[in-house]
Amino acid sequence: MPTRRRAFLILAALAGLALLSIALALSVGSIHVPLADVGPALFGNGGDSLNGEVVRKLRLPRALAGFACGGLLALAGALLQVLLRNPLADPYVLGISGGAGVGALLALLLGLSLVGVNGFAFAGALGAMFVVFGLAHGDGSWTQTRLLLTGVIVAAGCGAAVALMLSIAPENKLRGMLFWLMGDLSQNNDARLPLAVLVGVLIVALPFARELNLLARGADTAQTLGVAVGRLRRGVYLVASLATAAAVTHAGSIGFIGLIVPHLVRLATGNDQRLLLPASALAGGSLLVVADTLARTALAPQQLPVGVLTALIGVPVFLFLLGRDGRRRSA
């Protein structure tokens, strides 16, 4: 396990990276705000009033929402990889994102406002969560394989429903629906809820970090050492599902954050959940903020779906990690 000093240095470095990514997001755009002017523009201490309006009202809410959603996805991925004891587990494998997609696209088809889309997306995510939980729990037995397979089947069903809605959607609504499915932070003007959920998930999960460390070694080992395995599994699944639902509701379907970030953080910190969970939240938030900044500036004035950028970043990183693991096992 990492020493306290090393853990502090790692978290301080990641916190600095998070602040730097947010500062970059506030600076870069169609109206360039020099980094030296970001502070005065943010706190209203003189300077250009236009810069202040752009930074405070347009870029800051989007950057904070991106950080919160990225942190939630990475945190959910770390929790699910412990729950399933599978390094390939990620927040979308259990069908929660698919349920949110069904709800959001249904709201868009009905012509509802942003509040309605968010509400339907969250309801769809919760619905998928309870379906997976109910089917996987069954007669009381619970295995990682059963939960994983149930999630894959529910995700496939949600994917079929999404494809059906896209095929019957009117032309004028199709672009918005596709952007939501590929991840879109452009409509986020209030980051308070996802930030509150991120803080709440960390507050709930961190006291159980020791039990999670034992669960990562196997259910039998954890139970022998006094861990209430069944209750802990249900709690981890519920917390990870709610974190994913909150992130997907506010940012759409953004892949690879929950898959690759815990892997990368684990290389630097080891598998101690006391450090891995907060480090994953900081790293995931920073990655999504950087990806969103690239998405809105790479082809400006046209904005790209942020999910496309995370996939372009995530695929080569994941292949590198997979090859590295294979070479290590061969050695």
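Just so it is clear, none of the values below were taken in a lab; they were calculated from the coordinates. Keep in mind it's a predicted model, so treat the numbers as computed, not measured. Note that each Cβ is placed from the backbone with ideal geometry, even for glycine, and that neighbours are counted across all protein chains shown.
Below, the figures for the structure above:
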{"item": "Cα lying deepest toward the dipole's positive end in the stretch 7-321, options A74, G226, A216, charges on Cβ", "result": "G226"}
{"item": "Prolate/oblate/rounded call for the chain, Cα gyration tensor, a/c under 1.5 rounded", "result": "oblate"}
{"item": "Dipole magnitude of the chain about its Cα centre (Cβ charges: Lys, Arg +1; Asp, Glu -1), debye to nearest 20", "result": "880 debye"}
{"item": "Likely footprinting exposure, V93, V28, V261, V115, fewest C-beta neighbours within 10 Å first", "result": "V115, V28, V93, V261"}
{"item": "Top positive-direction residue, dipole computed over the chain with Cβ charges, set N86, V131, T249", "result": "N86"}
{"item": "Inter-label distance for T297 and L193, nm, one decimal - labels placed 7 Å from Cα along Cα-to-Cβ", "result": "2.9 nm"}
{"item": "Neighbour-count order for T269, T143, fewest beta carbons within 10 angstrom listed first", "result": "T143, T269"}
{"item": "Centroid-to-centroid separation of the stretch 174-253 and the stretch 46-75 [C-alpha atoms, Å]", "result": "22 Å"}
{"item": "Estimated [θ] at 222 nm from DSSP helical runs (n ≥ 4, -39500 (n - 2.57)) normalised by residues in the chain, nearest 500", "result": "-25500 deg cm²/dmol"}
{"item": "Residue order, fewest to most beta carbons within 10 Å, for S27, S97, S167, S186", "result": "S167, S186, S27, S97"}
{"item": "Q144-R231 pseudo-label distance in nm [points 7 Å out on the Cα-to-Cβ vector]", "result": "2.3 nm"}
{"item": "Value of relative contact order over the stretch 7-321, rounded to a whole percent, pairs C-alpha under 8 Å and six or more apart", "result": "32 percent"}
